[in-house]
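What follows is a single structure, written as structure tokens, with notes after it.
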Amino acid sequence: MRWAKQGCEIQDSKGMALDAITDWLIKQAKQNKLVVRLQTGDPGLYGALIEMVQPLDAQGIEVGVVPGVSSAMASAAAGVESLTLPEVTQTVILTRTEGRTPMPEGESLRELAQHHCTLCVFLSITLLKKVTGELLAAGWHEDSPILVVHKASWPGEEKIINGTISNIREKCRAEKINSQAMIIASPTIGARQWPELKKSKLYDKDFTHRFRKAEKKQEATS
């Protein structure tokens, strides 16, 4: 909040319940003020966006959402990892493990992990033992790579932990990581060190797309 202009009215919402937050937003907006609700994390993912917007809609208050970069994408970028690779996986699942909030039927981490695609697991660093257990139960190997990124993109606070299902808990414990961390389990993790990769068609010289024609192959002559 250090960038707020002098004279701005600032309300810290961390100790407020939903009704108190929306009442404050409505009160300020009705005074013809520009009101900013600064959300920790993506407001549309594991947030309270809809339940917070509905009371504002009921009062005829215009609402807009400014998009940001998801911690899943920021964490992959911080670790210089790709969430997808040709012929490895083309699917990314954004999920969390079951805690105080239950998961809908068919969406347990074990069930989702059976796809063996990329899993970006939110809000689960304190349940890392359960996460790794569910991955193993879904058929992942103990040496499957795991990336954990704490406070992705935060200058001076970001921590990047590379490990496997068998040792990631120990590594995170050693770094005292117990909050604000993204867990990425994927068959693509570590591909930077692979000796061979299936290359993308995007830059393949034999592949035609809207901006580039494929190079013509010369026929062999005797």
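The values are calculated or read from the model by the stated rules, or taken from the named source; none is laboratory data. Quick caveat, the model's predicted, so the values are computed rather than measured. Because the Cβ atoms are built from the backbone with ideal geometry, glycine has one as well, and the counts that use them run over all protein chains shown. SASA here: full protein model, heavy atoms, side chains in, ligands and nucleic acids out. Shrake-Rupley method; radii C 1.70, N 1.55, O 1.52, S 1.80 Å.
Values as computed for the structure displayed
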item: Amide H within-cut-off set for ILE146, under 5 Å, with H built and near neighbours excluded; result: GLY163, THR164, ILE165
item: Among 74-80, 195-201, the order from most to least packed when residues are scored by Cβ within 10 Å on average; result: 74-80, 195-201
item: Members of LYS159/LYS198; LYS130/LYS176; LYS151/LYS198; LYS14/LYS130; LYS14/LYS129; LYS14/LYS159 lying beyond 21 Å, as alpha-carbon distances in this model show; result: LYS159/LYS198; LYS151/LYS198; LYS14/LYS130; LYS14/LYS129; LYS14/LYS159
item: Length-normalised contact order for the chain - Cα pairs under 8 Å, 6+ apart - percent; result: 18 percent
item: Under the Debye formula (equal points on every Cα, no solvent term), log10 I(q)/I(0) of the range 91-222 at q = 0.10, 0.16, 0.22 Å⁻¹; result: -0.44, -0.83, -1.31
item: Accessible-area composition of the chain, carbon plus sulfur, in percent [1.4 Å probe]; result: 51 percent
item: Eligible aspartates and glutamates near LYS27 by straight Cα distance, threshold 18 Å, same-chain separation 8 or greater; result: GLU9, ASP12, ASP19, GLU51, ASP57, GLU62
item: Solvent-accessible heavy-atom area per residue, rounded to whole Å², over the chain at 1.4 Å; result: 71 Å²
item: R0 of 22 Å, Cβ-Cβ distance GLN11-ILE61: FRET efficiency to nearest 0.05; result: 0.85
item: Computed lengthening from ARG192 to THR208, 0.36 nm per intervening residue step minus Cα-Cα distance; result: 3.1 nm
item: Gaussian network model of the chain, Cα within-10 Å springs - most flexible of HIS141, HIS115, HIS209; result: HIS209
item: Ratio Rg/Rh, restricted to the range 126-183 and using Cα atoms, in which Rh is the Kirkwood radius; result: 0.99
item: Label zone at ASP143 (point 7 Å along Cα-to-Cβ), backbone N below 16 Å, the range 159-183; result: 163-168
item: Dipole magnitude (debye, nearest 20) for the chain, charges at Cβ of Lys, Arg, Asp, Glu; result: 660 debye
item: D_trans [Stokes-Einstein, Kirkwood Rh over alpha-carbon pairs] for the chain, 25 °C, 0.890 mPa s, µm² s⁻¹; result: 118 µm²/s
